[in-house]
Structures are given as structure tokens and as C-alpha cells.
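Undergrad: The structure's right below; bear with me while I get my questions together.
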Amino acid sequence: MARAPERRQFGQITRLPSGRYRARYADPDGRETPSGEPLRHNAPHTFESKDDAEAWLVDERRMITAGSWAPPSSRRASTLTALVTVGDYAPRWLANRKVKGRPLAERTRDHYQDLLDRFILPTFDDVGLKDVTPEAVAEWYDTVADTPTYQAHAYSLLRAIMRSAADPTKNSGVALIPFNPCGISGGGSSGTKRRIRPATADEVATIVAAMPERHRLMVLLADGCALRFGELAELRRSDIELAQGVIRVRRGVVRSRSAGVIAKAPKSEAGIRDVPIPPDIIEAVREHERLHAAPGPQGLIFPGRNAEHLSPSAFYGKVSKKRRGKPATMGWGWYEARRVAGREDLRFHDLRHGALTEAARHGATLAELMALGGHSTNQAAMRYQQAASGRLAELARRRAEARGWTPGVDTVEEI
């Protein structure tokens, strides 16, 4: 129990149970707390001796008399702000960053670290947080990156870091800067989005024919089932039920510099879904499992080297090139296949976009598109519950018929 405070002309000194001393004094302007009690200013720390506590009170009284006084808490905040640089604060911010109460995903954390290393810290590493002015941000923004996308991403990250620095709830009750200096209107937008031209049925067929046999089904499933590369790379025999014509998407594989290769569940419940297989490619799935999938129920459908996860480089390959006076280099994989089809602008993820576009063209509702693609927002999650798997299977059949398929021996039972 702390002893009663010592009576003094200015301030109070109290000996604490620990043996140390606390010093404080009443507000010079007579201000009160919200409860009506006199407002008191505490020393920023306790003292080992009573003499040290008295010396602190003497210094405080001199500042009041000289008219240079400011509350100790304000002076401490100013001192902390002056000492903290962007290079000090940004790594701590990244290490503690959470979204909706969860740590950042591995790839997101890697992306942020890359933005810090390449675009933000080269300019602001040794700059104090309070010295990052709107003018400095504007000058940096104009020269930060050669592409609009990196410019927007780097600016958005700096804006988020400085927003946290200005928020006392994120810094033990102390706002490290008075306001966020990142106020460029539209600075976090990269402008016009890339316009995607979906591949036609003939282009997809050409790409499939030009792919290595063990990877042809990946193209068919991306185009027919709107699956992501990571979902395909983690697909296993037990996830495919040919009797019902369904792929059960439960996991995806992600790669990051910091964590390596990780197979994990989707970020949202909407990503966990059952996707109908278009009936015109069911036989291709069956044949691929027989020839190329790893053995056993947990065998990968698209195994990479040593039966591990397929790496992007092993799938994408390289494009062939002509060389003056020398034989042309041989191409292979996705990059070469799309060149053969005359679609060097086509990204693998664009097949997924095309699948969703085609589903919409054949009458899919917004809820069904959300369910097929595994998209998630608060509203989309609710609509996902309303999407019927039978309707999705019907959409898959319509797409197959549009490509020339007719019901026959490969027709599956109604789901």
C-alpha cells in the first residue's frame, strides 16, 4: 500500500510499496477531469530516490514560471515522435498488422515487404514520422514507380502506415503524428483496369493441343470450372467425384518467399465450394487421372517434380524465340501454347474470368456467379447460400453444349 503523499508547496511525492517514489502536481490552469476531480500531471516514470522526485518537481515548476510549460505527456509524445523514423516504425507496423483480427496472409506480407524495400524506405528510411509532409509525399509519389499499379500499391501502403502513426489507439495512447500526410486524391487507384478479352472455344482448343499432355487438363478445368491456379495445383484425387461430376474445392496452394509452399483453406467460406464439371471434359478428367495423377486418394492431380506441388515455372514454361543466324529456341508450356493460339495477351487467370463471363451469358444469377467463382463479401456470402448446385450443373451443361457437346455416354446423373 502506498504511503500518504507528502505535503508540499508544489506537487506531491508518494513512496510506493516497491520503495520507489512517484511525483505529480495539480494542473497549473486548474483544469479538472471529466469526473470533476482536479487534473494532476504525473512524472513519466517513478524515481529511485526522493531527491530525484523533488528535482523533477523543481524543473516542472521552473517551466511553469518561465511560461514554457507543456503537459509532461505532450512533451513525451513529442520526444517519441522526434525519435521515430519511418524506417523504425514501418517494420513494426508490418509485423503487427492484422486484417479483421487475423495476421496478414504470407503473400500479402511478402508484397508489402517488397513495396517497403523497393519504393518506400529508399526515400523515407531515415526520415522522422513527423517530418513526412504532404509536400514530401507528393514529390515522392510523382517519381516512385514506373508503372501505375506499383505507384498505387506503394502509396496505399504508405498511407496505411501513416494512418496508424496518427492513431493514438495504435501507439499506446500516443499519436506519433498530428495527421496523415497522405492525402492525394485517387492516389491508391491505378486508373483504368486491364480489359480482358476472353479466349474463344477455338483458341482454348488450340492452347490445350499445344500444352504438354500432363498439363492439358489444367487449361480445361480453368476454362470450364473457373478454378484458380493455386486451387488446381492442390487438387487431389479425393477432391474429384466423377460419378456426380463434381470437384470439391477445399484448399489452395500459395507460395511466398518467407513461408515457402503452403497448402491451406481458402480465405473465406465462399472459397469452399463444389464446382460441377462440364460433361464434355469428364472423360478427359478420367483419362488424366489414369495417366498423370499421383497414386492414392491424396495423390495430387497435377503433381510436380518428385510428386510435390507443381511450380508455376514448370507450368508456364517459356515462349520460343527466333534468333538471327541461329536455330530458334524451342518453347513449351503455357507461354508457348498461347503464342501458338495467337493470344500472347492471355493470362492463365483470364480463363477463369472467361468461364464466369460465359456463365453469366448463359443466364447465371449474381449469386450463382459468386458461388461458382468462390468470391466473398458480406452480401456475396449471403447470396452464396441461395445458389443451388443443380443450377450450377445446368450452367456447366449449357456451356458444354455451346461448344458442340451432345448428351451421350458421359452424361452424369442429376446432382
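The values are calculated or read from the model by the stated rules, or taken from the named source; none is laboratory data. What you see is a predicted model, and the numbers here were worked out from it, not measured in a lab. Glycine gets a Cβ as well: all are built from the backbone with ideal geometry, and neighbour counts include every protein chain shown.
Undergrad: For ALA166, are the conditions met, namely being surrounded by fewer than 22 Cβ atoms within 10 Å (Cβ to Cβ), outside the structural domain of HIS375 (by TED's automatic domain parsing), of a type in the set (A, V, I, L, M) and touching a residue at least 12 places away in the same chain (Cβ under 8 Å)?
TA: yes
Undergrad: Right, here's the next one. Can LEU310 be described as in the same structural domain as GLU234 (by TED's automatic domain parsing), over 29 Å from the mean Cα position of the chain (by Cα) and of a type outside the set (Phe, Trp, Tyr)?
TA: No; evaluated as a whole, the condition is false for this residue.
Undergrad: How many of the residues making up region 302-318 are in a strand (DSSP E or B) and of a type in the set (Lys, Arg)?
TA: Total satisfying the criteria: 1.
Undergrad: Identify, from the list THR377, THR357, the residue that is in the same structural domain as PHE229 (by TED's automatic domain parsing), closer than 19 Å to ARG250 by Cα and either surrounded by fewer than 17 Cβ atoms within 10 Å (Cβ to Cβ) or modelled with pLDDT of 85 or more (or both).
TA: THR377
Undergrad: Here's a follow-up. Would you pick out the residues in region 253-301 that are modelled with pLDDT of 90 or more, part of a loop (DSSP other than H, G, I, E, B) and either outside the structural domain of MET211 (by TED's automatic domain parsing) or in contact with a helix residue (DSSP H, G or I) (Cβ under 8 Å, 6 or more places away or on another chain) (or both)?
TA: Passing the criteria: ILE277, PRO278, HIS292, ALA293, ALA294, GLY296, PRO297, GLN298, GLY299, ILE301.
Undergrad: Quick check on this structure: which one of GLY187, GLY224 is within 30 Å of ALA360 (Cβ to Cβ) and either outside the structural domain of ALA105 (by TED's automatic domain parsing) or at pLDDT 85 or above (or both)?
TA: GLY224
Undergrad: Now a separate question. Please work out which one of (1) of a type in the set (A, V, I, L, M); (2) farther than 17 Å from GLU283 by Cβ; (3) touching a Lys or Arg at 6+ places or on another chain (Cβ under 7 Å) is the condition VAL208 fails and give its number.
TA: (2)
Undergrad: Given GLY342, GLY363, GLY331, which one is in contact with a strand residue (DSSP E or B) (Cβ under 6 Å, 6 or more places away or on another chain), more than 22 Å from GLU231 (Cα to Cα) and assigned by TED's automatic domain parsing to the domain that holds VAL208?
TA: Being in contact with a strand residue (DSSP E or B) (Cβ under 6 Å, 6 or more places away or on another chain), more than 22 Å from GLU231 (Cα to Cα) and assigned by TED's automatic domain parsing to the domain that holds VAL208 holds for just one of GLY342, GLY363, GLY331, which is GLY331.
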